[in-house]
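Inspection log for the structure reproduced underneath, given as structure tokens.
The values are calculated or read from the model by the stated rules, or taken from the named source; none is laboratory data. Worth saying up front: this structure is predicted, and the values here are computed from it rather than measured. A quick note on method: Cβ atoms are made from the backbone with ideal geometry, for glycine too, and the neighbour counts reach across all protein chains shown. What goes into the accessible areas is simple: the full protein's heavy atoms, side chains included, and nothing from ligands, DNA or RNA. Shrake-Rupley method; radii C 1.70, N 1.55, O 1.52, S 1.80 Å.
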Amino acid sequence: MDLNYTREEQAFRTEVRQWLKETLPHELREKVRLGKRLAKADMELWHSLLNARGWLAPNWPRAYGGCEWNAVQRHIFEEEACLAHAPRSLPFGLTMLAPVLLAFGTEDQRQRFLPRILNGQDWWCQGYSEPGAGSDLAAVKTRAVRDGGHYVVNGQKTWTTLGQHANWIFCLVRTDPDAKKQEGISFLLIDMDTPGVTVRPIVLIDGEPEVNEVFFDNVRVPAENLVGEENKGWTYAKYLLTHERTNIAGVGFSTALLTTLKHVAGRVNSGGRPLAENPHFAARMAQAEIDLMAMATTNLRVVSAAAKGQAPGAESSMLKVKGTVIRQELTSLLRRAMGPDALPFQPDFLDGGSNAAALGPDHAAAAAPSYFNMRKLSIFGGSNEVQRTIITKAILGL
Amino acid sequence: MDFNLTEERMMLRDTLRRFLADKYAHENRRSLIASGEPYDTGIYAGLAELGVLGGMFREDQGGFGGEGFDLMVVFEELGRAGVIEPVLPAVLAGGLIAASGKGRQRGLADEIIAGTHLAALAQGEAGSRYDLNHVETTAAAEGDAIVLNGIKTHVLYGAEAQTLVVSAREAGAVADAAGISLFLVPVNTPGVTVSGHRNMDGIPSATVALEGVRLAETARLGAAGGGLEALEAAVARGLAAICAEALGAMEAAKDLTISYLKERKQFGMPIGKFQALQHRMADMLIEVEQARSVVINLASNLDQPRALRESHASAAKNLVGRAGALVAEECIQMHGGIGMTDEYALSHFARRLTMIDHLFGDTDYHLERFIALKAG
Ligand SMILES: Cc1cc2nc3c(=O)[nH]c(=O)nc-3n(C[C@H](O)[C@H](O)[C@H](O)COP(=O)(O)OP(=O)(O)OC[C@H]3O[C@@H](n4cnc5c(N)ncnc54)[C@H](O)[C@@H]3O)c2cc1C
Ligand SMILES: Cc1cc2nc3c(=O)[nH]c(=O)nc-3n(C[C@H](O)[C@H](O)[C@H](O)COP(=O)(O)OP(=O)(O)OC[C@H]3O[C@@H](n4cnc5c(N)ncnc54)[C@H](O)[C@@H]3O)c2cc1C
């Protein structure tokens with residue numbers, strides 16, 4: 001065992017850092033640093049910068065324009081990008097749909113969709129959850145009925161992240177209502193500009209319409225948009241979920257958060273000394289840091305153990321549970337660190353649309369909203385309860 | 001010992017609960033906040049009429065309550081309904097005026113009780129965090145006048161108030177206990193600039209700039225340089241109020257979650273059948289009962305000597321902060337996605353519970369303060 005980075009890995013880190021320094025626009029970096037909300041154009045810009053460098057798709061094969069980075073390279077990149085306050089890359093096309101197309105799609109589908117993910121022509125969203133199908137995902141009811149060369153889709157998806165920006169949605173639809181519930185599901189790609197698709201925003205606890213309801217009313221979808229075999233969608237859906245979890249530990253995000261937290265706690269006055277010197281607060285910060293140091297290694301252990309190009313198995317559930325708990329604790333500490341300055345709700349500042357100065361010091365405006373927003377980490381992608389059940393069954397054998 | 005409420009308090013609780021159930025549905029509250037109005041003046045007048053404001057004051061102050069349990073009964077109901085109308089200022093600024101006011105100053109208390117005058121406490125500053133004694137705002141004698149200079153932050157209802165109760169330093173260094181005085185400042189006094197905003201939990205707040213604000217000697221509330229003692233006592237009452245409010249919010253969040261666990265079906269059964277959730281609800285219930293007890297402890301010690309009162313105040317704020325975070329986070333988690341939506345009442349209770357932790361000292365602050373008070 002050797003936890004030291006090799007010479008090549010160190011060189012890679014330097015290269016990434018240098019590139020970020022030269023390429024990431026100051027304005028975008030400031031938005032991310034202060035926790036402001038990113039506009040569609042901000043996210044598109046980040047993707048295009050990465051794409052120009054050939055770094056947009058870390059885990060795709062080179063043949064399709066990916067980097068084929070190993071676990072350590074991905075870790076280094078993620079850490080550097082987070083510490084440089086780069087936006088996150090959008091996972092829906094890159095780490096959700098693409099692995100499914102690579103494993104189960106036709107070559108035609110790969111040639112048709114993968115380049116458009118890279119060059120920003122398509123913005124994908126994830127149409128899994130429905131009002132009646134959350135943790136019990138296999139209960140999806142959205143119907144797709146074959147009609148000649150098309151499927152006719154009726155039903156509703158919900159919690160669709162950033163669906164308001166998307167032009168494509170990958171959906172789990174029910175194609176056989178009579179089969180056992182896992183056996184009647186198909187994986188269908190739907191152009192959101194098709195007549196009959198309606199998107200309605202849902203405002204969340206932080207005041208932002210981050211998710212949506214998506215309604216399908218007799219939407220005609222060409223049959224060639226089916227991925228893999230009809231009624232085999234559940235297999236692909238689960239394959240996608242394990243890939244979704246490869247980056248779920250969020251070590252890079254937590255590392256950046258910890259840096260911000262230390263910065264803030266070193267400046268905020270608490271009874272005549274910096275908050276970082278308050279023994280109680282310092283202890284909580286230190287504990288989070290210790291947990292994070294261990295998680296960085298747990299993450300690499302799990303991700304490296306997976307075969308090349310494959311996602312880890314049930315072990316990724318550990319990363320999900322502990323990684324999200326650590327990240328939530330850090331956002332909670334950052335909120336607490338702001339003291340009374342976490343109170344004001346400042347949507348105008350956060351939207352970045354106005355030049356209104358924020359009340360309170362740097363990071364104050366976003367502290368409470370992002371604490372609230374990060375509650376989602378333990379709910380989506382398979383709730384932490386669901387992950388614990390996976391651990392119980394698949395690892396513990398109970 | 002007797003753990004029952006008096007008949008009067010039960011009546012006040014019941015009428016208040018009915019009034020709010022009738023007039024303060026979650027939908028009304030949401031559209032009120034969306035309207036941009038700081039709060040509903042009709043509801044506020046209704047609360048005054050019910051005696052909610054009078055219940056915050058003793059009989060000799062013109063009210064008919066004023067004890068810890070009066071505060072507890074009222075604020076638990078306000079918390080249950082998520083009320084954003086300015087009852088807390090009656091306890092804080094109103095309480096200070098009633099306790100320390102002399103002569104004409106006392107007249108203000110009557111108007112506050114009637115709901116016709118709003119006075120807000122302007123105590124915090126950019127560098128004070130939660131320390132009441134950290135006062136950089138200065139009050140300097142200039143001939144017959146006293147001139148205030150400084151900036152007060154996080155003044156709840158500051159932009160709606162007609163009068164501010166301002167803490168300012170007449171002597172001593174920034175964090176000295178002695179030398180702080182309280183002043184009654186009408187908001188239309190030249191040199192006062194109030195800029196309002198709304199907090200995460202929907203409650204209006206403000207920043208107040210004081211630039212060469214000239215006041216008469218008669219504007220001083222209580223003894224020169226002795227303001228901290230009065231301020232601390234008023235804040236202890238404020239802590240009892242917001243801890244009781246948090247308790248009400250916890251009860252409401254817990255009730256919503258219990259109902260949801262019974263209604264929401266996944267895997268063919270109500271999610272409340274999953275033991276993974278049942279045990280957490282059980283833990284939550286235990287913590288909420290502990291929170292109720294710690295609020296009772298504080299309510300019954302509000303009029304005790306400082307050391308006792310303050311250690312109960314810090315104990316309550318610490319425990320309520322911990323329980324509030326648990327309730328807010330667990331209730332959202334056990335709801336799944338729906339718990340995170342603005343449309344659903346739970347997220348509003350979660351916001352209020354969380355923001356209460358940022359008022360007058362958070363869990364960590366009061367833990368340290370409790371240790372110090374016990375050691376002293
Ligand atoms: C911000 C956000 C973004 C999202 N983005 C997307 C997206 O882009 N696309 C998409 O398809 N979905 C998305 N989701 C949906 C997400 O995947 C679901 O919220 C999640 O699967 C939980 O489902 P639910 O909300 O219906 O909760 P429920 O499944 O109803 O769960 C409620 C509670 O019960 C618990 N529970 C359920 N079953 C069990 C059990 N058997 N044992 C123990 N506990 C159990 C859950 O853990 C949870 O605590 C998003 C959700 C959020 C909050
Ligand atoms: C110090 C001590 C004093 C005691 N005194 C008395 C006494 O005075 N009189 C008397 O009659 N008994 C007494 N007991 C016995 C006690 O009641 C039993 O130990 C207890 O009921 C648990 O039973 P068990 O030891 O067989 O463990 P089990 O029932 O086998 O339980 C083992 C573990 O599984 C958990 N578990 C079991 N069922 C469930 C479930 N449905 N859901 C979730 N978790 C579950 C338990 O919590 C425990 O962690 C005492 C025990 C101890 C340790």
Expressed to two decimals, the protein assembly as shown has a Cα Rg over Rh, using the Kirkwood radius, of 1.01
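So if I average 1/r over every pair of distinct C-alpha atoms in region B:1-150 and take the inverse, what Kirkwood radius in Å does that give?
Computed over Cα pairs of region B:1-150, the Kirkwood hydrodynamic radius comes out at 17.3 Å.
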For chain A, the Debye formula with one identical point scatterer on each Cα and no solvent gives log10 I(q)/I(0) at q = 0.10, 0.12 Å⁻¹ as -0.70, -1.02
Comparing each residue of region A:197-245 in the complete protein assembly with the chain by itself (heavy atoms, probe 1.4 Å, ligands and nucleic acids ignored), those losing at least 30 Å² of accessible area are A:VAL203, A:LEU204, A:ILE205
Counting only backbone N atoms under 16 Å from a point 7 Å out along Cα-to-Cβ of A:ASN70, the residues of region A:4-24 in range are A:4-13
Rounded to whole angstrom, the alpha-carbon centroid of region A:313-328 lies from that of region B:221-293 at a distance of 28 Å
For the protein assembly as shown, dividing by residue count, accessible area per residue (probe 1.4 Å) in Å² works out to 41 Å²
Of the convex hull enclosing the alpha-carbon atoms of region A:1-117, the direction-averaged projected area in nm² is 8.4 nm²
Expressed as a whole-number percentage, the relative contact order of region B:257-345 with C-alpha contacts under 8 angstrom and at least six residues apart is 27 percent
Once both label points are put 7 Å beyond Cα along the C-beta direction, the A:ILE290-A:GLU22 separation in nm becomes 4.3 nm
Under the 7 Å Cα-to-Cβ spin-label approximation, A:ASN51 and A:LEU83 lie apart by a distance in nanometres of 2.9 nm
In nanometres, the difference between 0.36 nm per residue of separation and the alpha-carbon distance of A:LYS393 and A:LEU3 is 137.3 nm
Taking the alpha-carbon centre of each part, the distance from region B:160-198 to region B:294-323 in Å is 27 Å
Length gained, B:ALA276-B:ASP14, 0.36 nm per residue minus C-alpha separation, equals 90.8 nm
If each K or R counts +1 and each D or E counts -1, the residues other than A:HIS263 whose Cβ falls under 13 Å of its Cβ total +2
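If I take R0 = 30 Å and measure r between the Cβ atoms of B:ILE151 and B:ARG306 in this structure, what FRET efficiency does the formula 1/(1 + (r/R0)^6) give, to the nearest 0.05?
Values: r = 29 Å, r/R0 = 0.98.
Efficiency, rounded to the nearest 0.05: 0.55.
Note down the magnitude of the dipole of region B:120-225 about its Cα centre, charges +1 on Lys and Arg C-beta and -1 on Asp and Glu C-beta and zero elsewhere, to the nearest 20 debye.
180 debye
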Taking every alpha carbon pair in chain B and sorting the distances into 20 angstrom bins from 0 up to the bin holding the longest one, the percent per bin comes out as 29, 57, 13, 1
Given A:282-289, B:350-357, the highest-first ranking by average Cβ count within 10 Å works out to B:350-357, A:282-289
Among A:LYS322/B:LYS265; A:LYS376/B:LYS254; A:LYS141/A:LYS232; A:LYS21/A:LYS376, the pairs whose Cα-Cα distance exceeds 22 Å are A:LYS322/B:LYS265; A:LYS21/A:LYS376
Which of A:LYS36/B:LYS262; B:LYS23/B:LYS317; A:LYS31/B:LYS152 exceed 32 Å between C-alpha atoms? The answer is A:LYS36/B:LYS262
For the pair B:ARG104 and B:ASP255, the simple spin-label estimate (label points 7 Å beyond Cα toward Cβ) gives in nm 4.7 nm
With +1 at each Lys and Arg Cβ and -1 at each Asp and Glu Cβ, the charge dipole magnitude of region A:124-231 around its Cα centre, to the nearest 20 debye, comes out at 240 debye
Taking the alpha-carbon centre of each part, the distance from region A:335-381 to region A:14-74 in Å is 24 Å
Taking R0 as 35 Å and r as the Cβ-Cβ distance between B:ALA224 and B:SER35, the FRET efficiency 1/(1 + (r/R0)^6), rounded to the nearest 0.05, comes to 0.20
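Apply 1/(1 + (r/R0)^6) to the Cβ-Cβ distance of A:GLU30 and A:ARG267, taking R0 = 30 Å, and write down the FRET efficiency to the nearest 0.05. Before the final figure, lay out the partial values.
Working: r = 18 Å, r/R0 = 0.59.
For R0 = 30 Å, the calculated efficiency reads 0.95.
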